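The values are calculated or read from the model by the stated rules, or taken from the named source; none is laboratory data. Every value quoted in this text rests on a predicted model; they were computed, and no experiment measured them. Note that each Cβ is placed from the backbone with ideal geometry, even for glycine, and that neighbours are counted across all protein chains shown.
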Amino acid sequence: MTPNPALLSKLTRSKLVTRWQTASVGVGERRSNAKGSGMEFADHREYHAGDDFRHLDVHLHARFGKNYVREYDVYRQLPITILVDGSRSMDFGTPNKFEYACNLAALMGFIGLAGGDQVQVGIGAGERIHWSPKLHGAQRSQALFNWMSGQKAATTGAYGTAVRESLRHLTNRGLIVLISDWWTEGIESEIRILNTTGNEVWGMHVTSREEMDPSALGEGEVRLVDHETGHEVEVALDRSTRDRYARSLEAWREQLHSLFTRANGRYLLVPTDQPPERLFLQDWRKMGMIA
C-alpha cells in the first residue's frame, strides 16, 4: 500500500503540529523542553555541583562573582503513535472505511517520518494489536507502506478494548492519533483514560456516505445488520426515522468532540468521500495541524 506519489512529493517538507505536546525521545528536529549540550544558546542558570565545567560562562563570573553555566536548546523526536480501528464495522462502505483509514495513517506516518519524528502504527480490535516497528527517517517510509499493505480488518473484537490495551505499549509521551468510526460501546471511558496518560490525543472520525446520509440506502422497509455483532433489525426508512438518526448522530459527534477537546486534543470528522489531497494540502493546513 503506497499512497499517491504526487501527494507524497508535496508532503516531503511537512510536519504534524501539536497543540502542546513536545518532543521527548532521541535526536531530531523539534525543539524540546529539555536544555543541555547543543548548538543554539537558550539561557543561563546558576552552576550546580556536577555541571560540565565547559559550559561555565567566565564573563558572567567576572561581572557577578558567581558561577553560571550556558544552556542550549535540545532537539529531539516526537513519538507519534497511530492506532487504526481494525474492528469489523470498519470493513464497510465505498470507499471502504478500513482502507481509507489505513491510507490516512500511512500519510500521517509519512509526514511524521519526513519531519524527523518517531512513528509507529497499530491496527487494533479487541486485545490483539498488530504493531509496526518504530520507524524514524523519511527513508523508512516504504517500510511503513509495505507493513500496512498486509493489514486487514478483524472479524472479532472491539476497538475500545484495543485502545485500553494500547496503554501498556506507550512508554514515552507524545502524540496519539486514533482513527475509527467509533461504532463501539463504552469508548468514552477508554478515551478518558487515554487522556490521563500525558499524551496529546487526536480523534479521527471516519464515516461512510451511507452513515452520514441513510437516504442512500433507499426508502421503505429495510433490514439493517450490525456489522460488529450480526444483530439484525427491520426499520422503516422514512423522513421521521432519518431525522431521528441525524439528531442522534450529531449528539454522538458532539460528545466525542467534547471528550477530545476537554483535554486540549482534536476531534475531526473525516468522511470517506473526502479526497486525501484536500485534507492534507488544504483543510488540515488551514486548521494548523500540518505545517
Worksheet item: Of all residues in region 154-186, how many are within 19 Å of residue 98 (Cβ to Cβ) and either part of a loop (DSSP other than H, G, I, E, B) or touching a Lys or Arg at 6+ places or on another chain (Cβ under 7 Å) (or both)?
Response: 9
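Kindly provide the set of residues from region 153-176 that are aliphatic (A, V, I, L, M) and either in contact with a helix residue (DSSP H, G or I) (Cβ under 6 Å, 6 or more places away or on another chain) or outside the structural domain of residue 254 (by TED's automatic domain parsing) (or both), ordered by number. Write out each step before concluding.
Our first condition is that a residue be aliphatic (A, V, I, L, M); within region 153-176, this holds for 153-154, 158, 162-163, 167, 170, 175-176.
153, 163, listed by residue number.
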Worksheet item: Which residue pairs have Cβ atoms under 6 Å apart, sit 6 or more places apart or on different chains, and have a first residue in region 254-283 that is aliphatic (A, V, I, L, M) and a second that is surrounded by 13 or more Cβ atoms within 10 Å (Cβ to Cβ) and part of a loop (DSSP other than H, G, I, E, B)?
Response: 263/195
Practice prompt. Inspect region 105-123 for any residue being touching a helix residue (DSSP H, G or I) at 6+ places or on another chain (Cβ under 9 Å), farther than 20 Å from residue 255 by Cα and surrounded by fewer than 16 Cβ atoms within 10 Å (Cβ to Cβ) and give the result as yes or no.
Written response: no
Practice prompt. Output the residues belonging to region 14-39 that are out of contact with any helix residue (DSSP H, G or I) (no Cβ under 7 Å at 6 or more places or on another chain) and modelled with pLDDT of 65 or more.
Written response: 17, 18, 19, 20, 21, 22, 23, 25, 30
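Yes/no matrix, rows are residues, columns are (1) touching a residue at least 40 places away in the same chain (Cβ under 8 Å); (2) more than 27 Å from residue 7 (Cα to Cα):
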| residue | (1), (2) |
| --- | --- |
| 137 | no, no |
| 148 | yes, no |
| 157 | yes, yes |
| 161 | no, yes |
Worksheet item: Which condition breaks for residue 268 when tested against (1) touching a His at 6+ places or on another chain (Cβ under 9 Å); (2) outside the structural domain of residue 209 (by TED's automatic domain parsing)?
Response: (2)
Worksheet item: Counting only residues that are within 15 Å of the chain's Cα centre (by Cα), at pLDDT 95 or above, surrounded by 15 or more Cβ atoms within 10 Å (Cβ to Cβ) and not in a loop (DSSP other than H, G, I, E, B), how many does region 258-291 have?
Response: 8
Worksheet item: Hey, does region 206-215 have a residue that's outside any helix (DSSP H, G or I), closer than 21 Å to residue 109 by Cα and of a type in the set (D, E, K, R)?
Response: no
